[in-house]
Amino acid sequence: MSDKEEIRVEETLDPQDWSGMRALGHRMLDDMIDYLESVRERPVWQPIPEPVRASFEQPLPLEPQPAGEVYQEFLENILYHPMGNIHPRFWGWVIGTGTVTGMLAEMLAAGMNPNLGGGDQVPAYVEAQVLDWCKQMLGYPQSASGLLVSGGSMANLIGLAVARYARAEFDIRQEGLQSGHKPLTFYGSSEMHSSIEKAIELLGIGMNALRLIPVNQAFQIDLQALQSAIDSDRAAGLQPVCVIGNAGTVNTAAIDDLQALADICEREGLWYHVDGAFGALAALSPELQPRVTGIQRADSLAFDLHKWMYVPYEIGCVLVRDEDAHRRAFSLTPDYLAHATRGLAGGNLWFSDYGIELSRGFKALKAWMSFKEYGTQKYGRMIRQNVDQAQYLGRLVDDEPRLERLAPVSLNIVCFRFKGMNLQDVDLNALNQEILIRLHEQGIAVPSYTNLNGNYCLRVAITNHRSRFEDFEVLVKEVLRLGDEILSS
Ligand SMILES: *Cc1c(COP(=O)(O)O)cnc(C)c1O
């Protein structure tokens, strides 16, 4: 560069003051560890104050602002108004709690910031290792393929997409569903998760072709009804493709007869997909494992690591028994993504060949660190502990005449309601709805709700490693207090 040339002003987003940024980073770390250590002392959830809500209606920032000030706003307006799922008394929907290690791993992963779409880089080997461990812990063959995804919804979508591709009997990638072939039909119980419906809609199958098979008293798929549905669809000239089994339904944690479903699929030549979002992880506990025997026979298996493995959001996994079918359903390699034999574009681990995302984050690290730090035996004990807690809550409910349990406690979910003593002309649905809202608003506990046979119930789903037995005593005591309070007002 000659002296006469204009000096370019080059900018970067790296800090000007590295030591100041280092100090801020240390402060953030300390604050977050304090925050997690003291979570039990705070309310589970609080209504969001109006000024906080309003603080998110600011105009687009044009000018820079010091990082410390931005962090201050995080402390004031964000940190203390969470969903609450890291709290020991959060049991809403099926939501995981995260861990300290998981939080730290997220920072390390973001610092490295690799793109896991492909390429010969060690983060890809970390993901492959996590997938291998997932196969081992669920008794799945090592030859299977898999993918870490955002969660159970994406895992179900990918599994069903492979099913559709592998069993369509025509080239679905080329011809699509518009080429006048026999309509494809899918089967699963009426208790399936909404993500299955979304996948069926998105895959162009349409809800009319998803047979919602009735369930028995224990909310498990009725095998006879399933068989007749398959038979009559075949007789009508349709093409049955796939049966979806539940390892832990979202309403009651019911587990379908997974062996019997595998037998039916084998006999009928159908793809067998299992939605084991949380229930599949029961396989980690030697005492619970027999309840999910059969998941290892699935052609594709979807489950979450952010629910019952307590890894922070987001991370789910899909495993596919037939690697070739999995890759062929998705692989698409234009010139600009061609795999090389050497260099960074080499290696065999191109995860973008197994799903719809090209750019992918380093989700694997938080799982890899968690597997190593806790070991699957401890995970098994934590899962068992949650199941024991569900049994305990079930007993507390059964022993209290003012409460009524509305479903068997199958695994880690308890559905019950307040019914008071000899109440007449009281709308129990409205009463329990109000109890739930007050539990939330008073920051006591977060169950969620569902509707079983027309009855609104409080639903406690335990995937929480921070819960203690005494927390369930608190819940029962407070439900009774609120129920009486609402009745007397
Ligand atoms: C949570 C859940 C899903 C969806 O998983 P996400 O991780 O929320 O996408 C699917 N099926 C069942 C049974 C679930 O509990």
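Estimated from the Cβ-Cβ distance and a Förster radius of 51 angstrom, the FRET efficiency linking GLU287 and ILE7 is about 0.10.
Straight-line cross-link partners of LYS198 among the aspartates and glutamates, defined as a Cα under 14 Å from its Cα and at least 8 positions apart when in the same chain: ASP275. Ordered by the number of other Cβ atoms lying within 10 Å of each residue's own Cβ, fewest first, VAL476, VAL414 fall into the sequence VAL476, VAL414. The 3J(HN,Hα) values that the Karplus relation (6.51, -1.76, 1.60; θ = phi - 60°) gives for the stretch 178-192 are, in residue order, 9, 9, x, 7, 4, x, 8, 10, 10, 9, x, 7, 5, 8, 4 Hz. Gly and Pro appear as x. Each Lys or Arg adds one and each Asp or Glu takes one away; over the other residues whose Cβ falls under 11 Å from the Cβ of PRO240, this sums to +1. Here LYS363 is the anchor, and the aspartates and glutamates within straight C-alpha reach of less than 16 Å, apart from those fewer than 8 places off in the same chain, are GLU106, GLU127, ASP132, ASP304, GLU314.
Measuring between their Cα centroids, the stretch 42-66 and the stretch 81-128 lie 24 Å from each other.
Dipole magnitude of the stretch 49-163 about its Cα centre, charges +1 at Lys/Arg Cβ and -1 at Asp/Glu Cβ only, in debye to the nearest 20?
Dipole about the Cα centre, nearest 20: 560 debye.
Length available on full extension from GLU314 to ALA235: 0.36 nm per residue minus the Cα-Cα distance, which gives 24.1 nm. Hydrophobic, long helices, defined as DSSP H runs whose alpha-carbon span along the helix axis is 27 Å or greater and whose mean Kyte-Doolittle value is at least -0.5, occur in the chain at 18-37, 469-487. Here's how it looks for LEU403: its modeled amide H is under 5 Å from those of LYS419, which are all 5 or more places away or on a different chain. Projecting the Cα positions of ILE48, CYS134, GLY111 onto the charge dipole of the stretch 23-145 (unit charges on Cβ atoms of Lys, Arg, Asp and Glu, taken about the Cα centre) puts CYS134 furthest along the positive direction.
Could you give the dipole magnitude of the chain about its Cα centre, charging the beta-carbon of Lys and Arg +1 and that of Asp and Glu -1, in debye to the nearest 20?
That gives a dipole near 1300 debye.
From helices alone, the chain scores -13000 deg cm²/dmol at 222 nm; the rule is -39500 (n - 2.57) for each run of n ≥ 4 DSSP H residues, then divide by the residue total.
Extension gain GLN442-MET21, at 0.36 nm per residue separation less the Cα-Cα distance, in nm?
In short, 147.7 nm is gained.
For the chain, CYS134, CYS242, CYS265, CYS317 stand unpaired, since no other cysteine beta carbon lies under 4.7 Å from theirs. Highest mean packing comes first when the peptides 202-211, 417-426 are listed by Cβ atoms within 10 Å, giving 202-211, 417-426. Electrostatic tally near GLU106: other residues with Cβ closer than 13 Å to its Cβ, Lys and Arg +1, Asp and Glu -1, net +1.
Scoring 308-314, 181-187, 222-228 by mean Cβ neighbours within 10 Å over their residues and listing the highest first yields 308-314, 181-187, 222-228. When DSSP beta bridges are restricted to pairs lying wholly in the chain, around 55% turn out antiparallel. Ranked by the mean number of other Cβ atoms within 10 Å of their residues, highest first, the peptides 279-287, 161-169 come out as 279-287, 161-169.
Readers should treat all values here as calculations from the given coordinates under stated rules, not as data from a laboratory. Note that this is a predicted model, so its numbers are computed, not measured. Every residue, glycine as well, gets a Cβ built from its backbone with ideal geometry; the counts of neighbours run over all protein chains shown.
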